[in-house]
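Asker: Dropping the structure in here first, questions after.
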């Protein structure tokens, strides 16, 4: 496996994760967004820097619950106070990194934790890493005292999680009183899930409970995927004037760490185990983020479909009502009657609908002024219909979005007022109707070019023929019922006879069809403009379907680069930590990067032996 190729694949994945946006508050979206951020942070803080410097010192992060004794343990392992504990919680606010002086360059640079500043003095700032040089600490090993994982201060908890994700090795500290708490186990399960190298320190164990509590914790660790992790039990004891534990209490842990630091192959085995576990975890967790992106897109498609359906229904309703005689009422009917003559004439037409066409044309007493009034009435009736249906569509769309949690969030975030039509809608409707009336006049003018000298054409005029065509358009589907058939039905039939007297039946059918199509297109245009406000609101969320595809592509590339078995960890010399004179306890051992560990009780002295064979 090429390190360069693996680095390139991980960098590609890092970019895809950083681009992810989950703007809708769907179930699980917040967790997924947090997971994406944590993966980016781990790639920046640990995976990519560690991959670039596999021979850098081993970073052991000491983490755990509030009051577990992390700082006291670090100080006791080092032999002097380097991290100040306290009785007021939370105690540790800034992380303290203890290293051998020769390893300073590895930690002074931003090789790891590039988001944290560096200081050589004690600070009280979660954004700064305090560096402490300690000559007695083995070269190749650094200890980092992290804030409490369950701190009441959010910044402390976030920093603790960040530091643990940047660790080559976790030294997880808990107490006999709190080892079963939920929060520590969340972290330990996370470590187990990504096969990180972990050792657990059970602190402050009452001597009387030494035979019960450590074995119980060991069983819990085995049940939860940490059977291979060492477990150190530190007895409850007094501290000296500097707040340090007795050397016998911490010497097994110190010796274990010293043995680990003594051999480069052993250190690298631990590094590779944790590094490969982190990379494996990325290949599992990143597709879950892609799924969360898909969930966002499903919700957005549903919202888009709701809006589309609302305006499609408005378009359909207008299309029906501009063809079924609905508009042949009120002002339109009155102005049309004024144009073609008196009400008595209309009643006569009802009774003698079979009159010759010339008689019908001759009965028209209209003038350009009356034709213009019909046009205005048509414009007013159409405008009222479209405005009403546009408002109804907006109400339906807004109600549908309010019924969906994602829709409510979009409505709350958008700069558009989507509960009603836009301020521009009435003007757009008026222009569209006037433009359609112009279409109709142009249509009859073009078709009637060869008839402009005829008496019939001259009797009606372009405006008269145009308004007659509009009336016919409005009655195509013969949806009139009851009393409407008597008056409005006769009106529509009369308009048809007028047009047939000028153009003939076939031409009238073609004219009517074209005029209706033009009307529908004009109405669809103004409704589409209104619908686009809803599409714009969805686009403003920043959700992008390509982000999920990019994530999956990046994961596929990473898996292909690693190969089916992932990183190969070579075996290192066997290590053993033996209890002096005690045969009843099995010793923790190392083979390769696998740590096999039973409970190690700190009740007597220990020695460390390195088996070079």
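The values are calculated or read from the model by the stated rules, or taken from the named source; none is laboratory data. This is a predicted model, so every value here is computed, not measured. Cβ sites come from the backbone with ideal geometry, for glycine too, and all protein chains shown count toward neighbours.
Asker: Could you tell me whether segment 46-69 includes any residue that is in a helix (DSSP H, G or I) and farther than 18 Å from residue 271 by Cα? Working first, answer last.
Answerer: Step one: of segment 46-69, the residues in a helix (DSSP H, G or I) are 46-52.
Subsequent filtering for residues that are farther than 18 Å from residue 271 by Cα retains none.
No, every residue in segment 46-69 fails to be in a helix (DSSP H, G or I) and farther than 18 Å from residue 271 by Cα.
Asker: Then there's this: Take segment 469-485 and flag every residue that is modelled with pLDDT under 85 and either closer than 20 Å to residue 319 by Cβ or touching a helix residue (DSSP H, G or I) at 6+ places or on another chain (Cβ under 6 Å) (or both). Working first, answer last.
Answerer: Of all residues in segment 469-485, those modelled with pLDDT under 85 come to 475-485.
Listed by number, the residues that qualify are 475, 476, 477, 478, 479, 480, 481, 484.
Asker: State yes or no: is residue 139 out of contact with any helix residue (DSSP H, G or I) (no Cβ under 6 Å at 6 or more places or on another chain), in a loop (DSSP other than H, G, I, E, B) and in contact (Cβ under 8 Å) with a residue 12 or more places away in the chain?
Answerer: Judged against the criteria, residue 139 is not a match.
Asker: Follow-up question, since we're still on this one. Do the conditions hold for residue 195, that is, is it in contact with a helix residue (DSSP H, G or I) (Cβ under 8 Å, 6 or more places away or on another chain), under 18 Å from residue 50 (Cα atoms) and outside the structural domain of residue 46 (by TED's automatic domain parsing)?
Answerer: On the way: in contact with a helix residue (DSSP H, G or I) (Cβ under 8 Å, 6 or more places away or on another chain): yes; under 18 Å from residue 50 (Cα atoms): yes; outside the structural domain of residue 46 (by TED's automatic domain parsing): yes.
Answer is yes for this residue.
Asker: Report yes if some residue within segment 227-248 is part of a helix (DSSP H, G or I) and either over 42 Å from the mean Cα position of the chain (by Cα) or modelled with pLDDT under 95 (or both); otherwise report no.
Answerer: yes
Asker: Test residue 190 against the criterion of being in the same structural domain as residue 225 (by TED's automatic domain parsing) and either over 20 Å from residue 40 (Cα atoms) or modelled with pLDDT of 90 or more (or both), and give yes or no.
Answerer: Here the answer is no, as residue 190 does not meet what is asked.
Asker: Moving to a separate point now. Taking the criterion of being in a loop (DSSP other than H, G, I, E, B), touching a helix residue (DSSP H, G or I) at 6+ places or on another chain (Cβ under 9 Å) and without any contact (Cβ under 8 Å) to a residue 60 or more places away in the chain, would at least one residue in segment 152-169 satisfy it?
Answerer: no
Asker: Right, here's the next one. Which condition breaks for residue 56 when tested against (1) surrounded by 18 or more Cβ atoms within 10 Å (Cβ to Cβ); (2) touching a residue at least 60 places away in the same chain (Cβ under 8 Å); (3) out of contact with any strand residue (DSSP E or B) (no Cβ under 9 Å at 6 or more places or on another chain)?
Answerer: Among (1) surrounded by 18 or more Cβ atoms within 10 Å (Cβ to Cβ); (2) touching a residue at least 60 places away in the same chain (Cβ under 8 Å); (3) out of contact with any strand residue (DSSP E or B) (no Cβ under 9 Å at 6 or more places or on another chain), the lone unmet condition for residue 56 is (2).
Asker: Looking only at segment 280-308, count every residue that is more than 18 Å from the chain's Cα centre (by Cα), in contact (Cβ under 8 Å) with a residue 12 or more places away in the chain and not assigned by TED's automatic domain parsing to the domain that holds residue 561 and tell me the total.
Answerer: Total satisfying the criteria: 3.
Asker: Let me ask something else about it. Checking residue 367 against (1) at pLDDT below 80; (2) over 22 Å from residue 329 (Cβ atoms); (3) in contact with a helix residue (DSSP H, G or I) (Cβ under 8 Å, 6 or more places away or on another chain), only one condition comes out false. Which one?
Answerer: (3)
Asker: Of the residues in segment 530-563, how many are in a helix (DSSP H, G or I) and either buried (at least 18 other Cβ atoms within 10 Å of the Cβ) or touching a helix residue (DSSP H, G or I) at 6+ places or on another chain (Cβ under 6 Å) (or both)?
Answerer: Final tally of qualifying residues: 19.
Asker: For residues in segment 127-150 being within 31 Å of the chain's Cα centre (by Cα) and surrounded by 20 or more Cβ atoms within 10 Å (Cβ to Cβ), which is farthest from residue 55 (Cα to Cα)?
Answerer: Out of the qualifying residues, it is 150.
Asker: Got a sec? Which of 255, 277 is assigned by TED's automatic domain parsing to the domain that holds residue 61 and either under 19 Å from residue 229 (Cα atoms) or in a helix (DSSP H, G or I) (or both)?
Answerer: Exactly one of 255, 277 is assigned by TED's automatic domain parsing to the domain that holds residue 61 and either under 19 Å from residue 229 (Cα atoms) or in a helix (DSSP H, G or I) (or both), namely 255.
Asker: Related question: Suppose the filter is touching a residue at least 12 places away in the same chain (Cβ under 8 Å) and either out of contact with any strand residue (DSSP E or B) (no Cβ under 9 Å at 6 or more places or on another chain) or under 24 Å from residue 76 (Cβ atoms) (or both); does residue 233 pass it?
Answerer: Spelling it out, residue 233 is indeed touching a residue at least 12 places away in the same chain (Cβ under 8 Å) and either out of contact with any strand residue (DSSP E or B) (no Cβ under 9 Å at 6 or more places or on another chain) or under 24 Å from residue 76 (Cβ atoms) (or both).
Asker: Going by what's in this entry, would residue 119 be described as touching a helix residue (DSSP H, G or I) at 6+ places or on another chain (Cβ under 9 Å) and farther than 19 Å from residue 245 by Cβ?
Answerer: no
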